[in-house]
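I have placed the structure first, in the form of structure tokens, so that the comments after it can refer back to it.
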Amino acid sequence: MRDKLDKRRRAGLFRNRLAQALSESGSNQSRLAREVGVDRSTISQLLADEGARLPNAHVVGACATALGVSADWLLGLSDRPERAADLLSNALQLARAPRALVDEQIFDWHQEAAGYKIRHVPAGLPDMLKTRSLLEWEYAPHLGRTTDQAVGASQDRLEWMRASQSDYEIILPIYELDSFAHGTGYYKDLPRDLRRAQLRRMIALTEQLYPRLRLSLYDARELYSAPLTIFGPLLCVFYIGTHYMAFRDQERVATFTSHFDRLVRKAYVTSRDLPEHLRGLLQQL
């Protein structure tokens, strides 16, 4: 008896969802019948029949395809009307990553997540903490407009980010900061005076903005992380060079948040100790 009741309810749910999808699609019974390959009377019967019968799998699948919903949703097996491909498309986004200061896509994500905690593993030193001189040195070869205009615009965006209600937690490998301070590797042509000014700026910002801004260092011999930014519970974005790869599904955002939090727990230099670490580097110069 319970089985018959379940079938009747499922059949009723199918009728209701078929009618809803048909209405929201802007289509009509005649057009749906043509797309499914059945008589119009068949569609009318599907919508009006009060019995416990469900159409065969071919008809259900064809109706779902024609109306842009999932067959599972029509049958009451899912509460999400999107098809699997659409769910994947919504959960994963690829966006171009220009070699720029604060590009429009990144700034849009920051605005979307305003008020949430932002967790960040940068590809180098964090742009939002850089001096104007360092920004000019690093980005001048890639700027399409004049360096002065581009850096001025970027600083406006960076100031907005610092003034927002979001807390920022940033962690980077200790070798990145050491390489910068000593002018080796990527920073080998960077003048010492510029490096000294940058270290002073980082000391000032990490002291003035703490605890809303937390910057710590991890040991890359023990741990590894790709460059990424986690915008609260909303999305996680990986930087892969030419593109950003953004995940929006909650499960993956939670997984990458746990990864970030592990980096912080095992930090080689904590955010509290960082200003003193920076002063030590400054003394070496």
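List of remarks:
- Tally of residues being hydrophobic (A, V, I, L, M, F, W, C) and under 22 Å from the mean Cα position of the chain (by Cα) across the stretch 194-222: 2
- Matching residues in the stretch 48-81 - criterion: being surrounded by 15 or more Cβ atoms within 10 Å (Cβ to Cβ) and assigned to a helix (DSSP H, G or I): V59, V60, G61, A62, C63, A64, A66, L67, A71, D72, W73, L74
- When G115, G144 are screened for being surrounded by fewer than 17 Cβ atoms within 10 Å (Cβ to Cβ), in a loop (DSSP other than H, G, I, E, B) and at pLDDT 85 or above, only G115 passes.
- Residues located in the stretch 36-47, provided they are in a helix (DSSP H, G or I) and either more than 40 Å from the chain's Cα centre (by Cα) or surrounded by fewer than 14 Cβ atoms within 10 Å (Cβ to Cβ) (or both): R40, S41, T42, I43, S44, Q45, L46, L47
The values are calculated or read from the model by the stated rules, or taken from the named source; none is laboratory data. What you see is a predicted model; the values in this text were computed from it and never measured. Here Cβ is always computed from backbone atoms with ideal geometry, including for glycine, and neighbour counts include all displayed protein chains.
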